[in-house]
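A quick write-up on the structure given underneath.
Throughout, read-outs are computed from the coordinates displayed, never taken from laboratory work. As the structure is a prediction and not an experimental result, all values here were calculated from the model. So basically every Cβ, Gly included, is an ideal-geometry build from the backbone, and we count neighbours across all protein chains shown.
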Amino acid sequence: MEFFHDLMNYAFLQKAFITSVMVGIICGAIGSFIVLRGMALMGDAISHAVLPGVAISYMLSINYFYGAVLTGVLTAFSIGAISQKSRIKSDSAIGIVFSAFFALGIILITKARSATDLTQILFGNVLSVRDSDMWITLVIGAIVIVTVALFFKELLISSFDETMAAAYGLNTRFIHYAIMFLLTLVTVASLQTVGVILVVSMLITPASAAYLLTNRLSTMVVLASFFGALSAVIGLYFSFLYNMPSGPVIALATTSIFVLAFLFSPQQGLVTQMFKSRGKQDAAA
Amino acid sequence: MTESITASNISVSYSGKQVVSNVSFTFEPGSLIGILGPNGAGKSTLMKAMLGLIKKNSGATQIGSESIDKVRKLIAYVPQRSNIDWNFPIVVKDTVLLGTYPKLGLFHRPSKADKAWAMECLKQVGMQDFADRQIGELSGGQQQRVFLARALAQKADYFFLDEPFVGIDVSSEEVIIGILRKLKDAGKTVLVVHHDLSKVKSYFDDLILMNNVLIDAGPVEQVFREKNMTRAYERPMTMFDDLEVQM
């Protein structure tokens with residue numbers, strides 16, 4: 001209760017709250033497509049690979065947004081180039097590129113600023129959200145939500161049946177890179193809240209929990225966004241009250257939601273199925 | 001009105017090996033055409049190359065006098081069942097509804113009329129009772145029928161089906177071939193990648209017989225002969241003679 005009281009009274013907490021909710025929503029939305037397209041590793045790669053961009057931005061004292069977007073996009077293209085132009089499989093290409101970018105990022109960050117900054121970027125510190133961070137997140141949020149809403153049809157068909165999409169004339173490669181670009185934007189928006197290392201938990205886990213609960217893509221996107229926002233708020237709550245780093249708390253919150261879905265999903269749940277088969281046995285007996 | 005379909009000099013290679021070599025043919029509208037050949041003959045590859053889904057070394061596909069790229073919305077493609085993620089969160093009726101997407105264009109959502117039309121197509125393949133099932137809950141034959149319904153929903157003039165009869169039940173096979181015949185009678189052009197020799201004569205009017213190179217293309221009676229078949233399958237086709245007698 002004290003938390004809600006403080007939320008009403010402290011501007012910094014309100015900023016953190018708005019930012020977390022938006023991050024949760026867009027991570028859930030983009031994460032749904034990442035999960036269904038089997039690109040979870042790609043999500044992990046891009047989130048790590050924005051680090052050198054953040055470092056360079058610090059050095060040039062420009063907003064970290066620009067550098068992060070640049071290295072994120074560069075990563076997506078490098079991975080694409082290696083897996084298409086050589087016999088290297090895409091998971092290896094991802095490993096090669098993102099570890100290189102991440103390593104470079106760590107070196108640059110330690111040169112550029114103190115070690116505390118590195119911890120914040122790696123693990124998130126939602127309470128230190130500034131005005132500019134909140135606005136970047138809101139603008140990115142608007143871009144992501146509008147894009148997903150406007151092109152939902154194209155995202156759906158290219159994720160489900162890429163061949164049909166290509167057969168009727170959609171540019172599926174463009175759609176792939178557009179999703180990579182949105183993923184980079186989402187990662188940048190998530191830096192303050194969850195941090196580079198654990199962005200993947202916000203992208204993959206809420207969407208996976210939602211995936212276990214529905215047979216409709218639109219419902220999955222909405223549920224994943226809701227789970228993401230809920231986890232982010234839980235993260236904020238703990239980091240405010242108990243002074244914990246927000247990223248790990250958020251990651252564990254998403255995991256808890258996933259475990260609940262995994263056990264109790266009406267159709268897929270482990271426990272649910274156990275009861276169902278027991279019910280059948282009783283009926284048979 | 002539908003027009004003739006022409007493939008000219010189509011060649012495709014995978015990592016140096018030529019899988020489809022200089023294949024050319026023409027068929028008039030209102031044909032039900034089987035693409036026949038042994039495993040690894042390049043049948044699916046030819047189909048994908050015709051549609052521009054994979055990179056060709058050379059060649060082109062024309063509909064009438066137009067390049068196929070200009071008439072993409074008139075084409076419905078049914079992929080091999082193994083290429084689909086059957087765990088995707090989508091139910092049967094929404095899968096069929098995807099067939100209306102090509103003609104909707106950007107920013108337009110399917111209307112009530114589109115949804116009704118999708119249900120109509122689902123009825124044609126006898127799957128209306130499964131409208132709300134997730135697609136992974138269906139049998140192989142039912143899945144194939146749903147994808148045929150999706151192709152029907154496209155209101156296309158040219159249908160490309162990649163191995164639609166693999167691993168499906170007899171009644172689904174009958175439903176599917178019945179619909180393909182109706183399409184043919186309505187003046188549409190239907191191409192089917194196929195490898196079961198036993199039903200070739202009863203299913204198709206025309207054949208494309210290939211084994212990397214084109215062996216022969218034309219009416220079944222002309223193509224489906226022992227000499228051609230022995231060349232395509234690179235072994236004596238004794239069983240083949242029995243089939244011809246049986247037909």
Original post:
Counting partner chain Cβ atoms within 10 Å of every residue's Cβ in A:154-166, what's the average?
Top reply: 6
Original post:
Per residue and in Å³, how big is the convex hull formed by the alpha-carbon atoms of the stretch A:166-221?
Top reply: 103 Å³
**OP:** Give the peptides B:66-75, A:199-208 in descending order of average Cβ contacts within 10 Å, highest first.
**Re:** A:199-208, B:66-75
**OP:** Using the Cα centre as the reference, give the magnitude of the dipole from point charges on the C-beta atoms of the protein assembly as shown (Lys, Arg: +1; Asp, Glu: -1; all else neutral), rounded to the nearest 20 debye.
**Re:** 560 debye
Subject >> Helix B:170-185 axis, angle to chain B major axis (alpha carbon atoms, nearest 10°) >> reply: 80 degrees
Original post:
Given a Förster radius of 56 Å and the C-beta distance between B:ASN57 and A:GLU2 as r, what FRET efficiency does 1/(1 + (r/R0)^6) yield to the nearest 0.05?
Top reply: 0.20
**OP:** Give the shape of the stretch A:2-284 as rounded, prolate or oblate, defined through the alpha-carbon gyration tensor: a ≥ b ≥ c are the square roots of its eigenvalues, a/c under 1.5 means rounded, and otherwise the shape is prolate if a/b is larger than b/c and oblate if not.
**Re:** oblate
Subject >> Amide H within-cut-off set for B:ILE215, under 5 Å, with H built and near neighbours excluded >> reply: B:LEU209, B:MET210
Original post:
What percentages, rounded to whole numbers, describe P(r) for chain B computed over all alpha carbon pairs with 5 Å bin width beginning at zero?
Top reply: 1, 6, 13, 17, 19, 17, 13, 8, 4, 1, 0, 0
Original post:
What is the Cα centroid distance between the stretch A:1-73 and the stretch A:159-199, reported in whole angstrom?
Top reply: 15 Å
Original post:
Spin-label point model (7 Å from Cα, Cβ direction): what's the B:ASN87 to A:LYS85 distance in nm?
Top reply: 3.4 nm
Subject >> For peptides A:238-246, A:161-169, B:92-100, sequence by mean Cβ density within 10 Å, most packed first >> reply: B:92-100, A:161-169, A:238-246
**OP:** Ignore the peptide's own chain and count Cβ atoms of other chains within 10 Å of each Cβ in A:207-216; give me the average, rounded.
**Re:** 3
Subject >> Rg and Dmax [Cα atoms of the protein assembly as shown; Å; Rg one decimal, Dmax integer] >> reply: 27.3, 91
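From the mean inverse distance of alpha carbon pairs (Kirkwood) and the Cα radius of gyration, derive Rg over Rh for the stretch A:73-175.
Numbers: Rg = 18.6 Å, Rh = 17.3 Å.
My calculation of the ratio gives 1.08.
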Original post:
Which of the peptides A:12-24, A:252-264 is most tightly packed, and how do the rest follow, judged by the mean count of other Cβ atoms within 10 Å per residue?
Top reply: A:12-24, A:252-264
**OP:** Just tell me how shielded B:71-79 is by partners: mean number of partner chain Cβ atoms within 10 Å of each residue's Cβ, no decimals.
**Re:** 3
Original post:
For the protein assembly as shown, what proportion of DSSP beta bridges, expressed in % and rounded to the nearest 5, is antiparallel?
Top reply: 50 percent
